[in-house]
Structure formats: structure tokens, C-alpha cells
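Since the structure comes first, as C-alpha cells, the remarks are kept for the end.
The values are calculated or read from the model by the stated rules, or taken from the named source; none is laboratory data. Computed from a prediction, not measured in an experiment: that's the story for all the values here. Neighbour counts are summed over all protein chains in view; Cβ atoms, including those assigned to glycine, are modelled from backbone coordinates with ideal geometry. Keep in mind that these areas ignore ligands, DNA and RNA; they rest on the heavy atoms of the full protein, side chains included. Shrake-Rupley method; radii C 1.70, N 1.55, O 1.52, S 1.80 Å.
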Amino acid sequence: MRRSSTSWPARTAIVGVLALSFAACGGSGTPDVAGEPAVTPTASPDGPTPGPAAPSPSPAPSPTTPAAEPTENAAPAEPADFTVEPEGQELALVGPSGVEVLYTLPDEGESVFRAAALRPGSTRDDMVVVVVTSAEGMYDLRWLDVTDGEVGELEVFPQEYNLPSDSMSRQELVPVPVWSPDGRSVGWVVPAEDRDAATLRTVGWSDGPGTGDPADDNAAFDLEIGSSQAQALHWTAGEGSRSVLQVMAADGTVFDVHLERQGDGALALLEVTPA
């Protein structure tokens, strides 16, 4: 069903106020308290006259706690209150306020949206959506940026990161893209190129597919699930730097793909188990 485009929601600004309080420290520079008499030292019959009493030491200033630095294993972002759904030639934004058309494909070419994945941490005004489009039986990976409420153009993945046309000709399931919980990688499942197995393909992300670092660009992992036909379902955070990607084989069997984010940013396959 085709919907007419609605106006993009006005950007909302969230302003946080951070109040810093500093404790005043005593010391030689602190003015005397008005009305307080000065203390005059007295002589002792058994010894010399004492000198002035030593001033009380000023309390040490409290150390300032530095702001927390982001870590490799930061908690996943809170899920957005909306989803992005493929509906034919339209990419729909579905939220509490209803359904809006985010993007519409042109009639020429007869491309349609088949799958969409919203990057973790996205908001209505700033988001990244990875989509799969198809035309004449061929699939393409593309992505769409929304910045400050402005919808950009739909970009096609570079060939080295896109869906391989040779293996996709044997794929019956739509290659659904999914984001890692930290938003640093996106992955999808395709048939293996040279044997009857499924392959998990992943690519790092930095203002688009690819980071320029071979450690986390375009990694591939064989999935021993007894089938070359499988589809990614969702990718959830585990303990520490670990995560679990669920995939479903063509016969409906679901598997857990256990992954770990290594120190250099690369993903490592730990094991594949029945869900």
C-alpha cells in the first residue's frame, strides 16, 4: 500500500545542565573572621615564650573525578522508539505517532525494498539505515543517512562489500542485514562460495561501509549449520566483548552464532550452537 510522504518531524534538542560545585579551601589567603580576638601567646614559667601557634592545615582539595571515557565494551544504546520497515518502493518509519514515508524509490528500475536495519543509537533526526533492495531477482545492499532531520540520498555499497552476485543466484532467502549491538559492524548471511555451507559476512562501519582497517573490514565466517540457506535474525550483546547473532536456516532451525570483539576491533567467531 502506498502512502503519501508526511513532513519530517522537527528536530528536538535535549539540553543537559551539568552543575559543578567547588569547596572553598582555608589557608593563609583566607580573610580573618570579623569580631574574633587575636590570640596572644603567654610566657611559660618553665621555659621560653612560645612562638605563635601553627595555623591549622588547610584541607586538601577534593580530587575531581574525570568524565568516563568510552570503552570497547560500552553498553548497547537504548532501542529507538520507532522502526524502519520496507514496503515495496517505500521505506516507512513506524513509531508512536503513526507511519511516515522516509524514502521512496524511483519507478524506473523497478527496485523495491526487501529488508531494513536501523543502526543502534539512531534517533529520528540522526539515523543510519542499511537496506536491501531487489530488482529482476538481483539484490543490492544500500544505506541511507538522516542528519539533523535531513534525509540524504540512498547510497549503494561498494562492490567489495556488496552482495556477491554469483552466490546470490543460489539464495532463496532475503539476505537480511543486522547491526552489531555496538553499531560498529553490520552483517548478513549468504551461501558459501565453494561448498554447501552458509557464510556470515561482516563489515566495519565509519561514515559508511568500511573503516579502512583490514582488521574489521569485510570479514567472512563459515557457519556449520547443515545448510547454505540461512537468514540473519538479530544480534544481541553478551558478556563483556561477546555477542550472539541468531540465524535461521531454510528449514526453520535457529542457531546462535557466538562472536567476540577483539582488541583491534576485529570480530572473531567462537562457536555455533543450536538456539
Using the Cα atoms as the points, what is the convex hull volume per residue of the stretch 103-160 in Å³? 89 Å³
Taking a ≥ b ≥ c as the square roots of the Cα gyration tensor eigenvalues, with a/c under 1.5 meaning rounded and otherwise prolate when a/b beats b/c, else oblate, which class fits the stretch 105-216? oblate
At a temperature of 25 °C and a viscosity of 0.890 mPa s, determine how fast the stretch 140-275 diffuses translationally according to Stokes-Einstein, using the Kirkwood radius over alpha-carbon pairs as Rh; express D in µm²/s, rounded to the nearest whole number. 160 µm²/s
Can you give me the accessible area per residue for the stretch 230-275, using a 1.4 Å probe, in Å²? 48 Å²
Cα centroids of the stretch 206-252 and the stretch 102-166: how far apart, whole angstrom? 19 Å
From the P(r) of the stretch 176-241, could you give the percentage of C-alpha pairs in the tail past 13 Å? 64 percent
Taking only C-alpha positions in the stretch 217-262, Rg and Dmax in angstrom work out to 11.3, 33
With a 1.4 angstrom probe the carbon and sulfur portion of accessible area for the stretch 129-275, in percent, totals 44 percent
Under the rule of at least 5 residues apart or a separate chain, name every residue whose amide H is placed under 5 Å from the amide H of residue 157. 141, 142, 143
Expressed in nanometres to one decimal, the distance between label points 7 Å along Cα→Cβ at residue 271 and residue 112 is 4.2 nm
In the stretch 78-180, the GluC sites (Glu not before Pro) that fall in loop regions by DSSP, at most 16 other Cβ within 10 Å: 108, 110, 136, 153, 172
